[in-house]
Amino acid sequence: MTADTNSPLTIQKVRDLITEKHSTLLDENDPILMLVSMHRAFLDEYELMLSQQTAKAEEHMNEHVKAFATEVRKSTNILLSKAVKSNVENCIAEIGQHQEVMSNFLSIIKTWSIFAGIMLILSVATTLSVLVWGS
C-alpha cells in the first residue's frame, strides 16, 4: 500500500490493504467494511474529544502561567522596593556622615578664621606701634 499513512482510513484503502496483504478481494458491500465506518466514526469522535481536551488544558495552563507571572511580578516589585529603600537608607546614612564631617570642618575653619583675625589685629597693632614709636 503506497498511500499516505497520515490520511484518513477509507473503505477503499481497507479494500486495497486486504487485497495486498491477504490476496482477497472484498466486494464494496461486504459487511466487514461496516467496521471501517464504525472505526472511522470512533476515531473522529476521539480526535474531537482530544482537541477539546487540548484546548481546555491550554486554557488552564495559560491561567496558571498568568497567575504565576503575576506572583513573580509582585515578588519582584517587593524585592525591588526593599532594595531601593535599603539603598536610600544607606545614602541618607552616608549623607549624615558627610554632614558631620563638614560640620567639623566648618567648625575648624571658624576657629582658624578667629585665629587669623586675632593675628591680623596683632599685626596691625605691631605695625602701628612701630610706626608711631619707632623700632
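For every helix of n ≥ 4 consecutive DSSP H residues, a contribution of -39,500 (n - 2.57) applies; sum these over the chain, divide by its total residues, and give [θ] at 222 nm rounded to the nearest 500 deg cm²/dmol.
About -31500 deg cm²/dmol.
Going highest first, how would you order 31-38, 95-102 by mean Cβ packing within 10 Å?
Those peptides, ordered most packed to least, come out 31-38, 95-102.
For the range 1-71, which GluC sites (Glu not before Pro) are in a loop by DSSP, counting at most 12 other Cβ atoms within 10 Å?
Qualifying residues, ordered by number: Glu28.
Between Asn77 and His39, what is the label-to-label distance in nm when each label sits 7 Å out along the Cα-to-Cβ direction?
Those two pseudo-labels are separated by 5.8 nm.
What FRET efficiency, computed as 1/(1 + (r/R0)^6) with R0 = 30 Å and r the Cβ-Cβ distance, is obtained for Asn90 and Lys66, rounded to the nearest 0.05?
Between Asn90 and Lys66 the formula returns 0.25.
Give me the lysines in straight-line cross-link reach of Lys56: C-alpha distance below 25 Å, same-chain residues under 8 apart excluded.
Counting by Cα, and skipping residues close in sequence, Lys56 has these lysines nearby: Lys66.
Modelled label-to-label distance, Ile11 and Met119, 7 Å Cα→beta-carbon offset: nm?
12.1 nm
Between Asn104 and Leu48, how many nm apart are label points set 7 Å from Cα along the C-beta direction?
8.7 nm
Looking at the P(r) of the chain, how many percent of alpha-carbon pairs lie beyond 24 Å?
Roughly 74 percent, once rounded to a whole number.
Every number in this text was worked out from the coordinates using simple rules, so none of it is lab data. None of the values given here were measured: they were computed from a predicted structure. With ideal geometry, Cβ positions are generated from the backbone for all residues, glycine too; neighbour counts draw on all protein chains shown.
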